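Everything on this sheet refers to the single structure shown next.
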Amino acid sequence: MIHPKAAVIGWPIEHSKSPRIHGHWLQKHGIAGEYSRLAISPDDFLSELKTLPARGFVGVNVTIPHKETALANAAQATDRARAIGAANTLVFLPNGGYRADNTDGEGFINNLKQNAPNWDAKSGSALVLGAGGASRAILYSLLAEGTPEILLANRTKARADALAAEFGDRIKVIDWADISAATADVATLVNTTSLGMTGQAPLEITLHCGQNTLVTDIVYAPLQTDLLKQATAKGCQIVDGLGMLLHQAVPGFEAWFGTRPSVDETLRQIVLK
Ligand code: ATR
(Lines give C-alpha, C1' and ligand atoms only; values in the text may rest on other atoms or scores of the structure.)
Protein backbone atom coordinates (compact mmCIF):
# COMPACT_ATOMS: atom_id res chain seq x y z
CA MET A 1 0.00 0.00 0.00
CA ILE A 2 1.51 3.31 -1.10
CA HIS A 3 1.10 6.27 1.23
CA PRO A 4 0.78 9.31 -1.02
CA LYS A 5 2.74 12.29 0.23
CA ALA A 6 2.33 16.01 -0.35
CA ALA A 7 3.89 19.06 1.27
CA VAL A 8 4.10 22.81 1.21
CA ILE A 9 7.41 24.26 0.06
CA GLY A 10 8.49 27.76 1.05
CA TRP A 11 11.41 29.73 2.44
CA PRO A 12 10.73 30.27 5.29
CA ILE A 13 7.85 27.85 5.88
CA GLU A 14 7.38 27.43 9.66
CA HIS A 15 4.27 29.60 9.78
CA SER A 16 2.33 27.84 7.04
CA LYS A 17 -1.11 26.67 8.08
CA SER A 18 -1.39 24.23 5.16
CA PRO A 19 -0.21 21.16 7.16
CA ARG A 20 -3.06 21.70 9.63
CA ILE A 21 -5.62 21.98 6.84
CA HIS A 22 -4.49 18.90 4.90
CA GLY A 23 -3.70 16.96 8.07
CA HIS A 24 -7.27 17.48 9.24
CA TRP A 25 -8.70 16.30 5.94
CA LEU A 26 -6.44 13.23 5.78
CA GLN A 27 -7.61 12.24 9.24
CA LYS A 28 -11.26 13.01 8.56
CA HIS A 29 -11.32 10.93 5.39
CA GLY A 30 -9.22 8.10 6.84
CA ILE A 31 -6.56 8.47 4.15
CA ALA A 32 -3.16 6.98 4.93
CA GLY A 33 -1.24 9.88 3.41
CA GLU A 34 1.09 12.57 4.67
CA TYR A 35 1.34 16.32 4.28
CA SER A 36 4.47 18.04 5.56
CA ARG A 37 6.42 21.30 5.39
CA LEU A 38 9.63 21.56 3.36
CA ALA A 39 11.91 24.54 3.83
CA ILE A 40 13.76 24.86 0.52
CA SER A 41 15.77 27.90 -0.58
CA PRO A 42 15.35 29.44 -4.03
CA ASP A 43 18.76 28.09 -5.09
CA ASP A 44 17.75 24.51 -4.32
CA PHE A 45 14.09 24.70 -5.32
CA LEU A 46 14.13 23.15 -8.81
CA SER A 47 16.68 20.44 -8.04
CA GLU A 48 14.89 19.39 -4.84
CA LEU A 49 11.51 19.43 -6.55
CA LYS A 50 12.79 16.86 -9.08
CA THR A 51 13.68 14.42 -6.29
CA LEU A 52 10.21 14.39 -4.73
CA PRO A 53 8.27 11.93 -6.94
CA ALA A 54 10.82 9.17 -6.25
CA ARG A 55 10.33 9.87 -2.54
CA GLY A 56 6.59 9.19 -2.74
CA PHE A 57 5.31 12.71 -3.29
CA VAL A 58 2.29 13.10 -5.57
CA GLY A 59 2.40 16.89 -5.54
CA VAL A 60 3.09 20.00 -3.50
CA ASN A 61 1.88 23.43 -2.64
CA VAL A 62 4.41 26.17 -3.22
CA THR A 63 4.44 29.52 -1.53
CA ILE A 64 6.68 32.57 -1.27
CA PRO A 65 9.25 32.88 -2.89
CA HIS A 66 8.68 29.96 -5.29
CA LYS A 67 5.33 30.69 -6.93
CA GLU A 68 6.65 32.32 -10.11
CA THR A 69 9.58 29.89 -10.55
CA ALA A 70 7.20 26.96 -10.16
CA LEU A 71 5.03 28.25 -12.99
CA ALA A 72 7.95 29.10 -15.26
CA ASN A 73 9.33 25.54 -15.06
CA ALA A 74 6.08 23.61 -15.35
CA ALA A 75 5.59 20.92 -18.03
CA GLN A 76 1.90 21.89 -18.07
CA ALA A 77 0.06 24.83 -16.57
CA THR A 78 -3.60 25.74 -16.26
CA ASP A 79 -4.87 28.86 -18.02
CA ARG A 80 -5.60 30.48 -14.69
CA ALA A 81 -2.07 29.91 -13.39
CA ARG A 82 -0.66 31.48 -16.55
CA ALA A 83 -3.03 34.46 -16.31
CA ILE A 84 -2.23 35.00 -12.63
CA GLY A 85 1.48 34.57 -13.33
CA ALA A 86 2.17 32.29 -10.38
CA ALA A 87 1.47 28.73 -9.23
CA ASN A 88 0.52 27.48 -5.78
CA THR A 89 -0.47 23.86 -6.48
CA LEU A 90 1.67 21.33 -8.38
CA VAL A 91 0.74 17.79 -9.39
CA PHE A 92 3.57 15.50 -10.48
CA LEU A 93 3.02 13.86 -13.87
CA PRO A 94 3.59 10.14 -14.49
CA ASN A 95 6.29 10.75 -17.09
CA GLY A 96 8.15 13.47 -15.22
CA GLY A 97 7.59 17.14 -14.67
CA TYR A 98 4.48 18.62 -13.13
CA ARG A 99 1.24 20.43 -13.86
CA ALA A 100 1.04 23.87 -12.25
CA ASP A 101 -2.21 25.42 -11.09
CA ASN A 102 -3.16 28.50 -9.11
CA THR A 103 -6.12 27.95 -6.78
CA ASP A 104 -6.06 31.30 -4.96
CA GLY A 105 -8.76 32.88 -7.10
CA GLU A 106 -10.99 29.80 -6.78
CA GLY A 107 -10.44 29.93 -3.02
CA PHE A 108 -11.39 33.59 -2.95
CA ILE A 109 -14.61 33.05 -4.91
CA ASN A 110 -15.68 29.86 -3.11
CA ASN A 111 -15.20 31.58 0.26
CA LEU A 112 -17.63 34.29 -0.83
CA LYS A 113 -20.09 31.77 -2.28
CA GLN A 114 -20.08 29.72 0.91
CA ASN A 115 -20.40 32.63 3.34
CA ALA A 116 -22.48 35.10 1.32
CA PRO A 117 -24.71 32.86 -0.82
CA ASN A 118 -26.63 35.85 -2.21
CA TRP A 119 -23.49 37.54 -3.49
CA ASP A 120 -23.35 37.78 -7.27
CA ALA A 121 -20.20 39.05 -8.97
CA LYS A 122 -22.31 40.21 -11.92
CA SER A 123 -24.53 42.49 -9.83
CA GLY A 124 -22.20 45.49 -9.87
CA SER A 125 -18.71 46.94 -9.78
CA ALA A 126 -15.95 45.84 -7.47
CA LEU A 127 -13.34 47.96 -5.71
CA VAL A 128 -10.04 46.13 -5.28
CA LEU A 129 -7.33 47.59 -3.06
CA GLY A 130 -3.77 46.49 -3.85
CA ALA A 131 -1.85 45.31 -6.91
CA GLY A 132 0.42 42.52 -5.65
CA GLY A 133 0.27 38.78 -6.18
CA ALA A 134 -2.95 38.29 -4.23
CA SER A 135 -4.59 41.04 -6.25
CA ARG A 136 -3.74 39.29 -9.53
CA ALA A 137 -5.53 36.11 -8.44
CA ILE A 138 -8.55 38.05 -7.19
CA LEU A 139 -8.82 40.25 -10.30
CA TYR A 140 -8.63 37.16 -12.50
CA SER A 141 -11.36 35.37 -10.58
CA LEU A 142 -13.68 38.38 -10.28
CA LEU A 143 -13.44 38.90 -14.05
CA ALA A 144 -14.02 35.19 -14.69
CA GLU A 145 -17.16 35.38 -12.51
CA GLY A 146 -18.51 38.19 -14.66
CA THR A 147 -17.82 41.32 -12.62
CA PRO A 148 -18.74 44.11 -15.05
CA GLU A 149 -16.19 46.68 -13.84
CA ILE A 150 -13.34 46.68 -11.32
CA LEU A 151 -12.02 49.88 -9.76
CA LEU A 152 -8.39 49.16 -8.85
CA ALA A 153 -6.42 51.31 -6.41
CA ASN A 154 -2.83 50.88 -5.29
CA ARG A 155 -0.44 53.09 -3.34
CA THR A 156 2.04 52.72 -6.22
CA LYS A 157 -0.28 53.58 -9.08
CA ALA A 158 2.06 52.29 -11.78
CA ARG A 159 1.54 48.72 -10.54
CA ALA A 160 -2.22 49.13 -10.88
CA ASP A 161 -1.79 50.60 -14.38
CA ALA A 162 0.30 47.57 -15.35
CA LEU A 163 -2.41 45.18 -14.13
CA ALA A 164 -5.09 47.13 -15.99
CA ALA A 165 -3.05 46.93 -19.19
CA GLU A 166 -2.74 43.18 -18.72
CA PHE A 167 -6.25 42.27 -17.54
CA GLY A 168 -8.20 44.49 -19.92
CA ASP A 169 -10.60 47.36 -20.06
CA ARG A 170 -13.01 46.19 -17.35
CA ILE A 171 -10.28 47.37 -14.92
CA LYS A 172 -10.36 51.11 -14.16
CA VAL A 173 -7.48 52.47 -12.11
CA ILE A 174 -8.34 55.07 -9.50
CA ASP A 175 -6.11 57.08 -7.17
CA TRP A 176 -5.34 55.66 -3.74
CA ALA A 177 -6.57 59.00 -2.32
CA ASP A 178 -10.03 58.30 -3.75
CA ILE A 179 -10.71 54.87 -2.21
CA SER A 180 -13.18 56.09 0.41
CA ALA A 181 -15.34 57.93 -2.13
CA ALA A 182 -15.25 54.90 -4.43
CA THR A 183 -16.90 52.67 -1.82
CA ALA A 184 -20.26 54.43 -2.29
CA ASP A 185 -21.36 52.52 -5.32
CA VAL A 186 -19.74 49.09 -5.41
CA ALA A 187 -21.19 45.62 -4.97
CA THR A 188 -17.90 44.11 -3.82
CA LEU A 189 -14.97 45.62 -1.92
CA VAL A 190 -11.78 43.60 -1.41
CA ASN A 191 -8.65 44.47 0.51
CA THR A 192 -5.75 42.50 -1.02
CA THR A 193 -3.03 44.52 0.73
CA SER A 194 -1.35 43.63 4.00
CA LEU A 195 -2.74 46.79 5.62
CA GLY A 196 -4.71 46.02 8.77
CA MET A 197 -2.78 42.83 9.53
CA THR A 198 -1.42 42.47 13.06
CA GLY A 199 1.89 44.36 13.12
CA GLN A 200 1.22 46.25 9.87
CA ALA A 201 -0.03 49.78 9.28
CA PRO A 202 -3.80 50.30 9.42
CA LEU A 203 -5.93 50.56 6.29
CA GLU A 204 -7.25 54.11 6.35
CA ILE A 205 -10.61 54.16 4.64
CA THR A 206 -14.09 55.52 5.36
CA LEU A 207 -16.81 53.31 3.98
CA HIS A 208 -19.89 54.80 2.33
CA CYS A 209 -21.48 51.48 1.49
CA GLY A 210 -24.48 49.65 2.94
CA GLN A 211 -26.35 46.38 2.73
CA ASN A 212 -25.87 45.99 -1.02
CA THR A 213 -22.11 45.81 -0.66
CA LEU A 214 -20.08 42.76 0.30
CA VAL A 215 -16.81 43.68 2.02
CA THR A 216 -14.02 41.12 2.32
CA ASP A 217 -10.40 41.15 3.37
CA ILE A 218 -7.59 38.74 2.57
CA VAL A 219 -6.09 39.58 5.97
CA TYR A 220 -7.24 36.99 8.54
CA ALA A 221 -5.02 37.93 11.49
CA PRO A 222 -6.96 39.46 13.12
CA LEU A 223 -10.02 37.65 11.80
CA GLN A 224 -12.17 40.75 12.28
CA THR A 225 -10.02 43.46 10.74
CA ASP A 226 -10.84 47.14 11.28
CA LEU A 227 -12.15 47.15 7.71
CA LEU A 228 -14.63 44.36 8.49
CA LYS A 229 -15.63 45.96 11.80
CA GLN A 230 -16.38 49.24 10.07
CA ALA A 231 -18.27 47.43 7.32
CA THR A 232 -20.42 45.64 9.90
CA ALA A 233 -21.14 48.94 11.68
CA LYS A 234 -22.27 50.47 8.37
CA GLY A 235 -24.58 47.56 7.62
CA CYS A 236 -22.51 46.05 4.77
CA GLN A 237 -22.23 42.28 4.41
CA ILE A 238 -18.85 40.86 5.37
CA VAL A 239 -16.82 37.72 4.77
CA ASP A 240 -13.52 37.27 6.59
CA GLY A 241 -10.32 36.14 4.88
CA LEU A 242 -9.70 32.82 6.59
CA GLY A 243 -12.01 30.96 4.22
CA MET A 244 -9.92 31.93 1.18
CA LEU A 245 -6.96 30.13 2.72
CA LEU A 246 -9.08 27.06 3.44
CA HIS A 247 -10.84 26.95 0.08
CA GLN A 248 -7.65 27.38 -1.95
CA ALA A 249 -6.45 24.10 -0.45
CA VAL A 250 -9.43 22.06 -1.74
CA PRO A 251 -8.32 21.42 -5.36
CA GLY A 252 -4.83 20.28 -4.33
CA PHE A 253 -6.14 17.81 -1.78
CA GLU A 254 -8.57 16.42 -4.34
CA ALA A 255 -5.87 16.06 -7.01
CA TRP A 256 -3.37 14.35 -4.68
CA PHE A 257 -5.59 12.23 -2.47
CA GLY A 258 -8.66 11.62 -4.65
CA THR A 259 -11.36 13.05 -2.39
CA ARG A 260 -12.87 16.52 -2.57
CA PRO A 261 -12.85 17.81 1.02
CA SER A 262 -15.18 20.41 2.50
CA VAL A 263 -14.53 23.60 4.42
CA ASP A 264 -16.49 23.73 7.66
CA GLU A 265 -16.46 25.27 11.12
CA THR A 266 -14.37 22.41 12.55
CA LEU A 267 -11.60 23.15 10.05
CA ARG A 268 -11.78 26.88 10.80
CA GLN A 269 -11.34 26.21 14.51
CA ILE A 270 -8.40 23.87 13.90
CA VAL A 271 -6.62 26.48 11.81
CA LEU A 272 -7.37 29.29 14.28
CA LYS A 273 -5.98 27.36 17.28
P1 ATR B 1 1.03 40.00 -2.12
O2 ATR B 1 1.69 39.09 -3.09
O3 ATR B 1 0.71 39.34 -0.80
O4 ATR B 1 -0.16 40.69 -2.67
P5 ATR B 1 2.86 42.26 -2.46
O6 ATR B 1 3.12 41.92 -3.88
O7 ATR B 1 4.00 42.65 -1.61
O8 ATR B 1 2.16 41.06 -1.69
O9 ATR B 1 1.74 43.39 -2.41
C10 ATR B 1 1.39 44.03 -1.25
C11 ATR B 1 0.29 45.04 -1.55
O12 ATR B 1 0.05 45.79 -0.34
C13 ATR B 1 0.68 46.05 -2.60
O14 ATR B 1 -0.48 46.43 -3.30
C15 ATR B 1 1.24 47.19 -1.75
O16 ATR B 1 1.24 48.45 -2.38
P17 ATR B 1 2.52 48.92 -3.26
O18 ATR B 1 2.40 48.24 -4.58
O19 ATR B 1 2.37 50.39 -3.34
O20 ATR B 1 3.73 48.49 -2.48
C21 ATR B 1 0.27 47.17 -0.60
N22 ATR B 1 0.80 47.86 0.57
C23 ATR B 1 1.71 47.39 1.45
N24 ATR B 1 1.97 48.32 2.41
C25 ATR B 1 1.20 49.40 2.11
C26 ATR B 1 1.00 50.68 2.71
N27 ATR B 1 1.65 51.04 3.82
N28 ATR B 1 0.11 51.54 2.12
C29 ATR B 1 -0.57 51.20 1.01
N30 ATR B 1 -0.41 49.98 0.39
C31 ATR B 1 0.45 49.11 0.93
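The values are calculated or read from the model by the stated rules, or taken from the named source; none is laboratory data. Bear in mind the structure is a predicted one, so any value in this text is a computation, not a measurement. Positions of Cβ are backbone-derived with ideal geometry, glycine not excepted, and every protein chain shown enters the neighbour counts. Areas reflect the complete protein model, heavy atoms only, side chains present, ligands, DNA and RNA absent. Shrake-Rupley method; radii C 1.70, N 1.55, O 1.52, S 1.80 Å.
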Query raised in the report: Quick one: length gained pulling residue 55 to residue 155 fully straight, 0.36 nm per residue minus the C-alpha distance?
Result: 31.5 nm
Query raised in the report: How do 217, 104, 161, 264 rank by accessible surface area computed with a 1.4 Å probe, from largest to smallest?
Result: 161, 264, 104, 217
Query raised in the report: Using alpha-carbon pairs under 8 Å, 6+ residues apart, how would you state the relative contact order of the chain in percent?
Result: 16
Report task. In whole angstrom, note down how far apart the Cα centers of region 198-273 and region 8-50 are. Result -> 22
Requested in this report: Determine the gain in length on full extension of the stretch residue 41-residue 206; use 0.36 nm per residue of separation and subtract their C-alpha separation, reporting nm with one decimal.
Outcome: 55.3 nm
Requested in this report: Give the percent of DSSP beta bridges with both residues in region 67-209 that are antiparallel, rounded to the nearest 5.
Outcome: 20
**Report entry** Length released on extending from residue 272 to residue 165, taking residue separation times 0.36 nm less the Cα-Cα span
**Finding:** 34.7 nm
Query raised in the report: Name the GluC sites (Glu not before Pro) in region 187-273 that are in a loop by DSSP and that have at most 14 other C-beta atoms within 10 Å, would you?
Result: 204
Query raised in the report: Based on Cβ point charges of +1 for Lys and Arg and -1 for Asp and Glu, what charge dipole magnitude is obtained for the chain about its Cα centre, in debye rounded to the nearest 20?
Result: 560
Report task. Specify the residue with the greatest mean-square fluctuation among 28, 234, 67, computed from a Gaussian network of the chain linking alpha-carbon atoms under 10 Å apart. Result -> 28
Query raised in the report: According to the square roots a ≥ b ≥ c of the eigenvalues of the Cα gyration tensor, what is the shape class of region 1-155, taking rounded for a/c under 1.5, prolate for a/b larger than b/c otherwise, and oblate for the remainder?
Result: prolate
Report task. Please give every one of the aspartates and glutamates within straight-line cross-link reach of residue 28, meaning a C-alpha to C-alpha distance under 17 Å, and leave out same-chain neighbours fewer than 8 residues apart. Result -> 254, 264, 265
Requested in this report: Please tell me the relative contact order of region 1-40 in percent, rounded to the nearest whole number, where contacts are Cα pairs under 8 Å and at least six residues apart.
Outcome: 60
Report summary line: Sorted by chain and number, the residues with a modelled amide H under 5 Å from that of residue 77, at a separation of 5 or more or across chains, are 100
Query raised in the report: Of the cross-linked pairs 122/157; 172/229; 17/273; 122/172, which ones have a Cα-Cα span greater than 18 Å in the structure shown?
Result: 122/157; 172/229
Query raised in the report: Okay, helix-only estimate at 222 nm for the chain: each DSSP H run of n ≥ 4 adds -39500 (n - 2.57), divide by all residues, round to 500 deg cm²/dmol; what do you get?
Result: -10000 deg cm²/dmol
Report summary line: Expressed as a whole-number percentage, the relative contact order of region 105-244 with C-alpha contacts under 8 angstrom and at least six residues apart is 24
Query raised in the report: Ranked from highest to lowest mean number of other Cβ atoms within 10 Å per residue, what is the order of the peptides 120-127, 135-142?
Result: 135-142, 120-127
Report task. For region 105-244, evaluate the Debye formula with one uniform point scatterer on each Cα (no solvent term) and list log10 I(q)/I(0) at q = 0.17, 0.22 Å⁻¹, rounded to two decimals. Result -> -0.84, -1.56
Query raised in the report: Can you give the % of DSSP beta bridges in the chain that are antiparallel, to the nearest 5?
Result: 20
Report task. Can you sort 167, 45 by 1.4 Å-probe accessible area, starting with the largest? Result -> 167, 45
Requested in this report: With a 1.4 Å probe and every protein chain left in place, work out the accessible area per residue of region 105-244 in Å², rounded to a whole number.
Outcome: 43
